[in-house]
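Read through the structure below, which is laid out as structure tokens, and then see the notes.
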Amino acid sequence: MPATATHCPYCALQCGITLTPERRGVRLEPADFPVNNGGLCAKGWTAAELLDHRDRLLMPLVRKTPGDRSSPLREASWDEALTLVAEQIKSAQQRYGPDSAGAFGGGGLTNEKAYTLGKFVRVALRSSAIDYNGRFCMSSAATAANRALGVDRGLPFPVADIARARTVLLVGANPADAMPPAMQYLDAGRAEGARHIVVDPRRTATAAGSYRHLQPLPGTDLALANGLMHIAVREGLLDQDFIRERTTGFEAVRAATASYWPDRVERMTGVPAEHLRETVRMLATERPAMILTARGAEQHSNGTDTAQAWLNLALALGLVGRDASGYGTITGQGNGQGGREHGQKADQLPGYRKLDDPAARAHVAAVWGIDPDELPRPGLSAYEMIDRLGTDGGVRVLLVLASNIVVSAPDANRVRERLNALDFLVVSDIFRSETAEMADVVLPTTQWAEEEGTMTNLEGRVLRRKRAVEAPPEVRTDLQALKALADCLGRGRFFSDEPRVVFDELRRASAGGIADYAGISYERIEREQGVFWPCPAEDHPGTPRLFADGFPTPDGRARFVRVEHRDPAEMPDRDYPYVLTTGRNMQQYQSGNQTRRVSSLSVALPEPRAELHPDLARRHGIADGDMVELRSRRGRAVFRARLNRGIRPDVIFAPFHWVGANLLTDPALDPHSRMPAFKACAVAIALVDEEPS
């Protein structure tokens, strides 16, 4: 049977692969695609094992006793399940108003599905209640980039440019575990003499291969960035021509960073002053140079300002818009970039338009065939929406697509409590996730290899996801489910379940917006191995590199934004003396709903492990491999201890792929992006005498 060229279902690198159906199963092989060049990580190699997994959802499920979530789930027809969902939506909205029904989406949805979900909530439900799990991932970096540069595209240059940079500063990023095929570009740069600096409280695999590892206390990255700016000013390392000709607002930043002298920043962060001076000198003199941030810097209650501080530094040194140089942020989820461009966020319309902009409302309403006044106003951000589920004025009927919020959202005990308070919960997934287990209705959806659509990777390259195998008979795509549900609600005429039709409508809706897809077609994507947005016309070449000639701001200049360090929302004290930070392991992905079912990945990493320094462990009588309990002000969780001299003695690391870490994390929100503070909360640790049964 013929092979199908498509892409890995996991991270935002979106590695090229080929799938060949065989008598038993599907053969998966890496492809020589521009982003991975034949490379693939362990997750990608094993992705096809999930296509015929024994845990696969094959039929809709409803509760045996309606309204009783303690009763077992039983199989049902699509007609029965969707009729039940539609009845619950109508009942809630008649009683409580349009915003009592809403949706929570995911960064793994195709562009077509993300676009349709946003449209479904605003047109079929006529509700403002929608957000998605990308709010927990990219929102701080996106907010900072929009403020400074006028546009949010994770990498404003192809990922291959990293190999050509002489100096790379990686802040809160560990691609060796989270995105292994991307390491080829760092490796290639080092082979040519490049030097890399990694900022991370742990000595990760990425940090171990770097020239210099800086280990700040979690939550102090902003002070670190401002300290580097202070040194750049004092030592005359600024690009004065760039600042004068291409930016605005620098004097306020100069004044703000005047008090961040090296010795003070060393005390705040724990990073030696001589390493601060070395870092900024390398960025300023060993060119080309780039600063790349990721979740370690951004998932804080001041994450937007932290990303802004690093952007300020990149602008002050004149890095942005130059060849193999600049600032970028590393998108995590498979369609984390496209998922935030086309309407899943509470305040957005397709093309990265703002829902409160009259011109944007008029344009999108015309494409959708409705009156602009029918569009709702902006709704609540992800955690704010979750926190009000089941309350007066909150959502009563929630649809969850491609997200496992019981595991992935902060303060998970509170999340479970609010889900239980719903009148009705609907989950669309491929497996019975922890969130699906709480649902009134579970809808089986297609997997990546069974559907058509597009994804947008971390570079802003729009890619084709192609169907290689047929889905099981009673499994539908999310497009089909949303169209059928819209039919039940009397709004089906506004929707299509054909991916190509949806994408062509998305192109029209995004036309003229920041994320302009108007000139991108399925045929061009196929022919050109992906097309970079913005691409406003079919004869436009696409835009692999941004900012060479200006910035999409009203005056064409980038903006410095004054930011000040402030302590994390929760600081260690006598009762909770250590800082917990969370992150990824190589073998698992996101909430683990997929990867924890792959036998080879589970054998390699069968359980969550809390990393702690041997000195901290000795203080509590903990040996490597012991079971330990971590406690925060919100909950407690048990992990197996892993002793690691490469982590700070005052920090504990736990992965978020299992139920556990997010029972502890702090839901304090960034005031600008509404990002929760996943990366720093106060915890206590104790030895557990017996393993949990």
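The values are calculated or read from the model by the stated rules, or taken from the named source; none is laboratory data. Computed from a prediction, not measured in an experiment: that's the story for all the values here. Cβ: placed from backbone, ideal geometry, glycine included. Neighbour counts: every protein chain shown. The area values use the complete protein model at the heavy-atom level, side chains included, leaving out ligands, DNA and RNA. Shrake-Rupley method; radii C 1.70, N 1.55, O 1.52, S 1.80 Å.
Here are some notes:
- For region 166-179, the tally of residues that are surrounded by fewer than 22 Cβ atoms within 10 Å (Cβ to Cβ) and under 20 Å from His657 (Cβ atoms) stands at 2.
A quick yes/no check of all residues on (1) farther than 21 Å from Val253 by Cα; (2) in contact with a Lys or Arg (Cβ under 7 Å, 6 or more places away or on another chain):
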residue: Ala309; (1), (2): no, no
residue: Asn335; (1), (2): yes, no
residue: Gly351; (1), (2): yes, no
residue: Val367; (1), (2): yes, yes
residue: Asp371; (1), (2): yes, no
residue: Leu375; (1), (2): yes, yes
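- The C-beta contact set for region 584-608 (first residue free of Cβ contacts under 8 Å to residues at least 60 places away in the same chain, second residue in a helix (DSSP H, G or I) and among the aliphatic types (A, V, I, L, M), distance under 9 angstrom, 6+ apart or interchain) comprises Pro608/Ala661.
- Filtered residue count, region 68-82, keeping only those that are in a helix (DSSP H, G or I) and surrounded by 15 or more Cβ atoms within 10 Å (Cβ to Cβ): 3
- Region 447-467, subset within 30 Å of Thr543 (Cβ to Cβ) and in a loop (DSSP other than H, G, I, E, B), residue most open to solvent (accessible area, probe 1.4 Å): Arg467
- Condition check for Ala86: surrounded by fewer than 24 Cβ atoms within 10 Å (Cβ to Cβ) and of a type in the set (A, V, I, L, M, F, W, C): yes
- Lone qualifier among Phe653, Phe639 - being without any contact (Cβ under 8 Å) to a residue 40 or more places away in the chain and open to solvent by less than 30 Å² (accessible area, probe 1.4 Å): Phe639
- Restricting the first member to region 538-554 and to residues that are under 12 Å from Pro158 (Cα atoms), and the second to residues that are among the hydroxyl-bearing types (Ser, Thr, Tyr) and not in a loop (DSSP other than H, G, I, E, B), no beta-carbon pair is closer than 6 Å while six or more apart or on different chains.
- Test for Pro444: is it in contact with a Phe, Trp or Tyr (Cβ under 8 Å, 6 or more places away or on another chain), over 21 Å from Ser127 (Cβ atoms), open to solvent by less than 10 Å² (accessible area, probe 1.4 Å) and outside any helix (DSSP H, G or I): no
- Note on region 243-333: enclosed helices (runs of 4 or more DSSP H) holding 2 or more residues that are of a type in the set (Lys, Arg) and at negative phi are 262-269, 273-285.
- Residue that is surrounded by the fewest Cβ atoms within 10 Å (Cβ to Cβ) [pool: residues in region 89-133 that are farther than 13 Å from Arg396 by Cβ and among the acidic types (Asp, Glu)]: Asp131
- In the set Pro541, Pro577, Pro554, only one residue is surrounded by fewer than 17 Cβ atoms within 10 Å (Cβ to Cβ), over 26 Å from the mean Cα position of the chain (by Cα) and closer than 26 Å to Asp357 by Cβ; that residue is Pro554.
- Positions within region 364-389 being more than 18 Å from Ala114 (Cα to Cα) and surrounded by fewer than 22 Cβ atoms within 10 Å (Cβ to Cβ), in sequence order: Ala366, Gly369, Ile370, Asp371, Pro372, Asp373, Glu374, Arg377, Glu384, Asp387, Arg388
- The set of residues from region 337-360 being within 26 Å of the chain's Cα centre (by Cα) and either open to solvent by 10 Å² or more (accessible area, probe 1.4 Å) or free of Cβ contacts under 8 Å to residues at least 24 places away in the same chain (or both) comprises Lys345, Asp347, Tyr352, Arg353, Lys354, Leu355, Asp356, Asp357.
- Subset of region 5-19 [in contact (Cβ under 8 Å) with a residue 24 or more places away in the chain and over 15 Å from Pro181 (Cβ atoms)]: Ala5, Thr6, Leu19
- Conditions (1) acidic (Asp, Glu); (2) touching a residue at least 12 places away in the same chain (Cβ under 8 Å); (3) more than 15 Å from Leu283 (Cα to Cα); number of the one not met by Glu251: (2)
- Scanning region 594-623 for residues that are closer than 15 Å to Ala48 by Cα and either open to solvent by less than 20 Å² (accessible area, probe 1.4 Å) or hydrophobic (A, V, I, L, M, F, W, C) (or both) returns Thr595, Val598, Leu601.
- Among the numbered conditions (1) in contact (Cβ under 8 Å) with a residue 24 or more places away in the chain; (2) touching a strand residue (DSSP E or B) at 6+ places or on another chain (Cβ under 9 Å); (3) open to solvent by 20 Å² or more (accessible area, probe 1.4 Å), the only one that Arg645 does not meet is (2).
- Ala297 passes every criterion in (1) over 29 Å from Gln588 (Cβ atoms); (2) touching a strand residue (DSSP E or B) at 6+ places or on another chain (Cβ under 6 Å) apart from (1).
Quick grid of which residues meet (1) in a loop (DSSP other than H, G, I, E, B); (2) at pLDDT 95 or above; (3) crowded, with 17+ Cβ neighbours inside 10 Å:
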site	(1), (2), (3)
Glu474	yes, yes, no
Leu479	no, yes, yes
Arg508	no, yes, yes
Ile520	yes, yes, yes
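- Being touching a helix residue (DSSP H, G or I) at 6+ places or on another chain (Cβ under 9 Å), of a type in the set (Ser, Thr, Tyr), surrounded by fewer than 16 Cβ atoms within 10 Å (Cβ to Cβ) and modelled with pLDDT of 95 or more is a property that does not hold for Thr65.
- Among the residues of this structure, Glu235 counts as one that is over 30 Å from the mean Cα position of the chain (by Cα) and either open to solvent by 10 Å² or more (accessible area, probe 1.4 Å) or of a type outside the set (Phe, Trp, Tyr) (or both).
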